[in-house]
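Each value in this text was obtained by applying a stated rule to the coordinates, not by laboratory testing. Note that the coordinates shown come from a computational prediction; the quantities given were computed from them, not determined experimentally. Because the Cβ atoms are built from the backbone with ideal geometry, glycine has one as well, and the counts that use them run over all protein chains shown.
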Amino acid sequence: MVYASFGDPNAQNTTLVFSTVHGDEITPLYVALQLAQWVRERQLQLIKTRVVIAPLVNPDGFFRSPRTRVNGHGVDLNRNLNTHDWESKAHLYWRTRYKNDPRRNPGPKPRSEPETIFQEELISKVKPQKILSIHSPLNFLDYDGPTHLSLSKFPREYVIECEKLRKRLNAKSSVYYPGSLGNRAGQEMGIPTLTLELPSADPKKADIYWRKFALGIRTMIQFSVPNYAGEIKTPRGG
Ligand SMILES: [Zn+2]
């Protein structure tokens, strides 16, 4: 698992990008690599801005033939993060909503997978203002993070800034799952988290998607949300 950091290493305006958390989603890998090239070429113009990109969070699933959504242990990495409802709901949802579909296996316990620890530790290290997670093929832009409903939980000014970002990107909030990144980083840690679901995983369309979403992604990167000064909870067990 690799990541690369671009721009001003001391910038508050930091965006963390996770891509290919599901190993059979090829278009997100292309978009993340194009984005890395785009920011690398513009590092001098990206004043007070940092972008950290982890383009291939699930290399085992990606390099397997055929490619798999799950990692080498058969775990869905977007159900394995350490959310407060994991113990009570992760396996319950898997059984009831997904009939134990092996593609949605949340794992034996939260943070059981090295790829999950990689993501959580990168969040702790980078302390991003925003997270962009690129998936396919559901074709939507999902927002998790502080909303007007959580004014009691997060400072009002911070919530308003997060809402501005959400509006500017036309993102909607939808259901979230125990152990997902949106739930963990967005809802629990209060880091506005955008999940971009590209319309398909067809590699022939990858370049069309990059051109289609590049402007929105750049807008997100350049948008500065003031840092939430509250306590950022570190995951249980380290
Ligand atoms: Zn996915």
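For the stretch 133-147, taking the residues that are among the polar types (S, T, N, Q) and either in contact (Cβ under 8 Å) with a residue 40 or more places away in the chain or closer than 25 Å to Phe62 by Cβ (or both), the one that is nearest to the ligand (Cβ to nearest atom) is identified as Ser136.
When the stretch 1-41 is filtered for residues that are within 16 Å of Leu181 (Cβ to Cβ) and not hydroxyl-bearing (Ser, Thr, Tyr), the ones remaining, listed by number, are Met1, Leu16, Val17, Phe18, Val21, His22, Gly23, Glu25, Pro28, Ala32. Among residues of the stretch 10-25 being under 15 Å from Tyr228 (Cα atoms) and buried (at least 22 other Cβ atoms within 10 Å of the Cβ), the one that is farthest from the ligand (Cβ to nearest atom) is Asn13. Residues that are away from the ligand (no atom under 16 Å from the Cβ) and polar (S, T, N, Q) are absent from the stretch 66-79. Might you let me know whether the stretch 176-184 holds any residue that is more than 14 Å from the chain's Cα centre (by Cα) and of a type in the set (D, E, K, R)? The answer is no, given that none of the residues of the stretch 176-184 is more than 14 Å from the chain's Cα centre (by Cα) and of a type in the set (D, E, K, R).
Close Cβ contacts (under 9 Å, 6 or more residues apart or on different chains) running from residues in the stretch 13-36 that are over 24 Å from Gly74 (Cβ atoms) and touching a residue at least 40 places away in the same chain (Cβ under 8 Å) to residues that are among the basic types (Lys, Arg) and buried (at least 22 other Cβ atoms within 10 Å of the Cβ) comprise Asn13/Arg50; Asn13/Lys130; Thr14/Arg50; Thr14/Lys130; Thr15/Arg50; Thr15/Lys130; Leu16/Lys130.
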